[in-house]
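Undergrad: Below you'll find the structure I mean.
Each value in this text was obtained by applying a stated rule to the coordinates, not by laboratory testing. These numbers were taken from a predicted model, which means no experiment stands behind them. Neighbour counts run over all protein chains shown; Cβ positions are idealised from the backbone, glycine included.
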């Protein structure tokens, strides 16, 4: 069982097994039982990964996906910042 600190410093990302599209998330350490009676059905097409809690990811979840081979979170290419496109404010 995880300690309180481990739970507070973690996030669980639920994603589609086929392509890594993020379908949901929860703070803390969860598993598919998070979805109650639907857990068995959802686990056929979804999986989950527990990662270190990251506020940037949680606040911008739609900009990320899970690499289904490495189970790492990745920024979608269309959201990569392009500093040469914008002037820097004074």
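Undergrad: Name the single residue that is surrounded by the most Cβ atoms within 10 Å (Cβ to Cβ) among those in segment 5-23 being more than 17 Å from residue 76 (Cβ to Cβ) and over 10 Å from the mean Cα position of the chain (by Cα).
TA: The selected residue is 10.
Undergrad: Shifting gears a bit: Of all residues in segment 33-51, count the ones that are surrounded by 15 or more Cβ atoms within 10 Å (Cβ to Cβ) and closer than 20 Å to residue 69 by Cβ.
TA: We begin by selecting, within segment 33-51, every residue surrounded by 15 or more Cβ atoms within 10 Å (Cβ to Cβ); these are 34-35, 42-43, 46-51.
Going one step further and asking which of them are closer than 20 Å to residue 69 by Cβ, we end up with 43, 46-51.
The qualifying residues number 7.
Undergrad: Moving to a separate point now. Among the numbered conditions (1) surrounded by 16 or more Cβ atoms within 10 Å (Cβ to Cβ); (2) in contact (Cβ under 8 Å) with a residue 24 or more places away in the chain, tell me where residue 54 comes up short.
TA: (1)
Undergrad: Something else about it: So which residues in segment 3-23 are in a loop (DSSP other than H, G, I, E, B) and more than 21 Å from residue 69 (Cα to Cα)?
TA: In the first step, residues of segment 3-23 are kept if they are in a loop (DSSP other than H, G, I, E, B); the result is 3, 9, 17-20.
Correct list: 3, 9.
Undergrad: Within segment 24-48, which residues are over 15 Å from the mean Cα position of the chain (by Cα), within 27 Å of residue 3 (Cβ to Cβ) and assigned to a helix (DSSP H, G or I)?
TA: Step one: list which residues in segment 24-48 are over 15 Å from the mean Cα position of the chain (by Cα), which gives 33, 35-45.
Those left that are additionally within 27 Å of residue 3 (Cβ to Cβ): 33, 35-36, 39, 43.
Residues satisfying the conditions are 33, 35, 36, 39.
Undergrad: Give segment 62-77 a look and list any residue that's surrounded by fewer than 14 Cβ atoms within 10 Å (Cβ to Cβ), touching a residue at least 12 places away in the same chain (Cβ under 8 Å) and assigned to a helix (DSSP H, G or I), or say none.
TA: 62 - this is the single residue of segment 62-77 that is surrounded by fewer than 14 Cβ atoms within 10 Å (Cβ to Cβ), touching a residue at least 12 places away in the same chain (Cβ under 8 Å) and assigned to a helix (DSSP H, G or I).
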